[in-house]
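Worksheet for the structure shown next.
Derivation of every value follows stated rules applied to the coordinates shown; laboratory data play no part. The shown structure was predicted, so the numbers you read here are calculated from the model rather than taken from an experiment. Because the Cβ atoms are built from the backbone with ideal geometry, glycine has one as well, and the counts that use them run over all protein chains shown.
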Amino acid sequence: MNREKAISMTKCVLVLAIIALCSGLLLGAFHIITYVDPLQSAYDRFAEDTGEAFSSMRDEDGKDYGNGRVVYYAVSDDGQTHAFLAEGDGGFKGSVRLYVYVKDGAIFKIVVGDHSETYMDRLEAADYYANFIGKDISSLDALAADAVSGATKSSTAVRNAVNAVVQYYKEGNGQEVQTEMLRGDFAAGGECNG
C-alpha cells in the first residue's frame, strides 16, 4: 500500500470518528434536554387528576397480577387518596395504562393513560367504567365485568388493569395506610374509629 493511500484512509477514518463522536454528543444532549422522569410524571398526573398533593411513592417497583400489573402506587399527603398507575394486557393492539384512584375503600375515578387501542371510545360510550367506579373495592370482582361489544379486547385490557389494582389493594396496601392514620390519631389522644 502506498503512503498516499494510507494517509487518505487515515483521514477518512478520523473524519468518520469525529462525525460519530459529534453525533453521540448531540444525541446525549438531546436526551438530557427532553428526558421526562416517569416517576415524576406519575406524581404530576396523580396530582392533576385528583387536585391533591403526592410527595412519595409507596411502591415504585409495582407488582404483577396475571395479565395486569400495578406500575406505581402512591398515597396522597393527607393519607386519604390511593393512586395507582396500572397496566392491563390483552388489548387488540397491546396493553392499556390506567390511572385508578381509591378513596374510602371505593374506586372514585379512572383515567385512561397510554394505549394504542382503536376502540377505547366505545368503552366510554357504553359507560363501561361504571362497572368499577363507586364500587367497594374489597368485594369488587373486576374480571366479572362484561366486555363491550365491538371493543372486547380493549375491555379485557381495562378489566385486567383494574383487577391488578383491586388485588393489590386487597393484599393490605390500603389497610397499611389506614392503620398508620389510626395509630397517629390514637397516639395524639384522638378517638380510634376502627
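Some observations on this one:
- Arg58 long-range amide H proximity, modeled H, under 5 Å: Tyr73, Ala74, Val75
- For the stretch 29-37, putting each phi into the Karplus relation 6.51 cos²θ - 1.76 cosθ + 1.60 with θ = phi - 60° gives couplings of 5, 4, 5, 4, 5, 9, 5, 10, 5 Hz, in residue order, rounded to whole numbers and with x for Gly and Pro.
- Between Thr81 and Ser76, the built amide H atoms are under 5 Å apart, and every one of these is 5 or more places off in sequence or on another chain.
- Once you reduce the stretch 53-91 and the stretch 1-31 to the center of their Cα atoms, the two points are 47 Å from each other.
- 3J(HN,Hα) from dihedral phi, the stretch 103-116, Karplus parametrisation 6.51/-1.76/1.60, rounded to Hz, x for glycine, proline: 9, 6, x, 9, 6, 10, 7, 10, 10, 6, x, 5, 6, 10
- Least to most buried among His31, His82 (fewest other Cβ within 10 Å first): His31, His82
- The GluC sites (Glu not before Pro) of the stretch 4-93 that DSSP puts in a loop, and whose beta carbon has at most 15 other beta carbons within 10 Å, are Glu60.
- When the chain is treated as a Gaussian network with alpha carbon springs shorter than 10 Å, the biggest mean-square fluctuation among Gly79, Gly28, Gly134 belongs to Gly28.
- Shown for Thr34, Thr10: other C-beta atoms within 10 Å of each C-beta, ranked fewest to most, produce the order Thr34, Thr10.
- The C-alpha atoms of the chain define a longest principal axis, and helix 38-50 lies at about 40 degrees to it.
- Treating each Cα of the stretch 1-117 as one equal point scatterer and applying the Debye formula with no solvent, the log10 of I(q)/I(0) at q = 0.11, 0.18, 0.22 Å⁻¹ comes out as -0.54, -0.95, -1.17.
- Helical content of the chain, expressed as a calculated mean residue ellipticity at 222 nm, amounts to -14000 deg cm²/dmol (DSSP H runs of 4 or more residues, -39,500 (n - 2.57) each, divided by residue number, nearest 500).
- Tail beyond 26 Å, pair distance distribution of the stretch 39-187 (Cα, percent): 21 percent
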